[in-house]
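The values are calculated or read from the model by the stated rules, or taken from the named source; none is laboratory data. Predicted model, so just to flag it, every value in this text is computed and none were measured. Cβ placement follows ideal geometry from the backbone for every residue including glycine, while neighbour counts extend to all protein chains displayed. In case anyone asks, the SASA skips ligands and DNA or RNA and just uses the protein heavy atoms, side chains included. Shrake-Rupley method; radii C 1.70, N 1.55, O 1.52, S 1.80 Å.
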Amino acid sequence: MKKSELVFIPVPAFGHLTSTIELAKRLLDQDERLSITVLLIPPLGETDLGSYTKSLAASDARIRYTMIPPTNYLSQPPSAPMAFEKFASLFIESHKSHVERAVLELLSDDSTHLVGFVLDMFCCCMIDVANTFKVPSYVIFSSNTAFLGFLLHLPERNNNGEFNFNPSDPDSVIPCLRESCSCECAPRCCIR
């Protein structure tokens, strides 16, 4: 029987990887027809992520892990300084061709039926890869709901002319962190 294969792509960071693996485990607990492969982008620099990943792999044999080969992204230093967000985005994007090859290899097994990509919010550029395989992409937000609510509140704060946060500003109200919220985004960002 063909299993429905989901390909997960987390950012190479401990918190994102942990959240991704926990979601994968919960999905597998819900439906035995699922199969999950996690494509691991190598982190920049020396980290303990490799040993951490090995311990995760040993903890649940239902999930396959595939290391994506490193790219030569840092072989040419940037011509101008760039924000960390831009640097990280370009780093993840530099792995698109390797991710595509890894998925093609996964599909070479006739028992694999690819049904979608589950992407970390910082791996949205991989939606292009999912589109080449004509499967949907699902983006996961690996932080807590309070932080999501805060991010959803920032545009409203900006529209009201509140551009800066002052240290320990007691008048700074973030609706999703209040117990009862009356903001227009309710219940989308509010914790109840």
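Structural remarks
- Straight Cα distances below 21 angstrom link Lys25 to the lysines Lys2, Lys3, Lys54, with same-chain residues fewer than 8 positions distant left out.
- The fraction of accessible area contributed by carbon and sulfur in segment 68-138 is 59 percent, rounded to a whole number (1.4 Å probe; ligands and nucleic acids excluded).
- If you plug the beta carbon distance of Ser59 and Gln30 into 1/(1 + (r/R0)^6) with R0 = 22 Å, you get a FRET efficiency near 0.75.
- Of all lysines in the structure, those lying under 21 Å Cα to Cα from Lys96, and not within fewer than 8 positions of it along the same chain, are Lys86, Lys134.
- Where labels lie 7 Å past Cα in the beta-carbon direction, separation of Ser143 and Cys124 in nm: 1.4
- Placed amide H near Tyr138: partners under 5 Å, 5+ positions off or other chain: Phe117, Val118, Leu119
- Taking θ as phi - 60° and the Karplus parameters 6.51, -1.76 and 1.60, the scalar couplings of segment 122-139 work out to 8, 10, 4, 4, 6, 4, 4, 5, 4, 5, 5, 8, 6, 10, x, 10, 10, 9 Hz in sequence order, x denoting glycine and proline.
- Couplings 3J(HN,Hα) of segment 63-68, computed from phi: 9, 8, 10, 10, 7, 7 Hz, in residue order, whole Hz [Karplus 6.51 cos²θ - 1.76 cosθ + 1.60, θ = phi - 60°; x for Gly and Pro].
- For Leu40, residues with placed amide H under 5 Å, excluding near neighbours: Thr66, Met67, Ile68
- Averaged over its residues, segment 16-146 has an accessible area of 58 Å² per residue, based on protein heavy atoms and a 1.4 Å probe.
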